[in-house]
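Presented below is the structure to which this report refers.
The values are calculated or read from the model by the stated rules, or taken from the named source; none is laboratory data. Here the structure is a predicted model, which is why all the values come from computation and not from measurement. Cβ placement follows ideal geometry from the backbone for every residue including glycine, while neighbour counts extend to all protein chains displayed.
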């Protein structure tokens with residue numbers, strides 16, 4: 001996620017450098033040809049690109065709005081994951097017997113909590129097409145690690161282990177049926193959040209829609225120099241570059257926002273959120289190994 005300040009200019013304009021280079025060369029060629037090799041009138045009415053620009057602005061506004069909705073939905077889902085992770089461990093601690101009376105209860109609660117932390121990291125890594133099992137050895141036992149490594153969907157396997165433990169807790173009398181139902185409901189909400197993230201990840205933004213907008217944008221840029229020549233002459237070059245830059249930046253913004261799990265600066269900060277969850281859950285079980293907050297090392301945080 002991009003931070004509020006210290007965003008380098010190179011990042012902003014680096015996204016459209018090739019498009020602007022093309023526009024600069026094209027507008028310069030038209031401008032100098034008109035100034036030094038003018039033989040025929042190549043002007044067109046300003047209303048022609050103006051109509052196309054108006055339609056293009058509406059299309060870009062709609063696309064930007066839809067892209068932001070996808071990004072914001074991803075952030076809402078991860079907000080729910082934060083809440084449900086805290087709820088799950090609170091239920092675990094309050095429903096079971098006093099952990100300071102039984103060592104086995106304390107060990108069980110710690111292991112369950114570490115597994116929930118692992119689930120948060122694993123889900124974020126899988127959404128970014130990174131190895132979902134990477135780094136989980138710090139949170140899982142060897143048997144748990146061996147179990148989840150056999151599954152294609154590692155976060156789902158971790159939830160399965162959660163469910164198995166709830167069944168064991170019920171059979172051993174650590175919780176009653178009503179408490180099991182409450183905790184199963186929390187696991188269901190976590191599973192729903194996982195499915196929502198996977199839906200956003202696997203549902204591709206309509207390619208034809210993006211392609212048509214990009215094609216229309218280039219037609220607009222190709223027509224613009226001919227409409228500005230009559231009024232600005234050779235000065236149409238910086239005018240065309242400036243107008244084209246604004247349109248290309250808006251298009252790029254929408255492209256980056258529409259995919260919030262691509263390991264880019266504009267992503268939903270799933271790693272930072274998972275670190276925050278880890279800190280909260282470790283403190284809830286009185287663990288002394290609470291990691292530091294994830295500090296941004298640049299102009300964004302992942």
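Observations on the model:
- Single unsatisfied condition, residue 152 versus (1) in contact (Cβ under 8 Å) with a residue 12 or more places away in the chain; (2) surrounded by fewer than 18 Cβ atoms within 10 Å (Cβ to Cβ): (1)
- Residue 274 being within 30 Å of residue 44 (Cβ to Cβ), in a helix (DSSP H, G or I) and touching a helix residue (DSSP H, G or I) at 6+ places or on another chain (Cβ under 7 Å): no
- Hey, residue 266 in contact with a strand residue (DSSP E or B) (Cβ under 7 Å, 6 or more places away or on another chain), within 25 Å of residue 200 (Cα to Cα) and either assigned to a helix (DSSP H, G or I) or at pLDDT below 80 (or both) or not: yes
- Of all residue pairs spaced 6 or more apart or on separate chains, those with beta-carbon atoms under 6 Å, a first member in region 35-55 that is surrounded by 12 or more Cβ atoms within 10 Å (Cβ to Cβ) and a second member that is at pLDDT below 75 are 43/230.
- Pair list, Cβ under 6 Å, 6 or more apart: region 250-278 residue over 30 Å from residue 217 (Cα atoms), other residue at pLDDT below 85: 269/1; 269/301; 269/302; 271/302; 272/294; 272/301; 275/294
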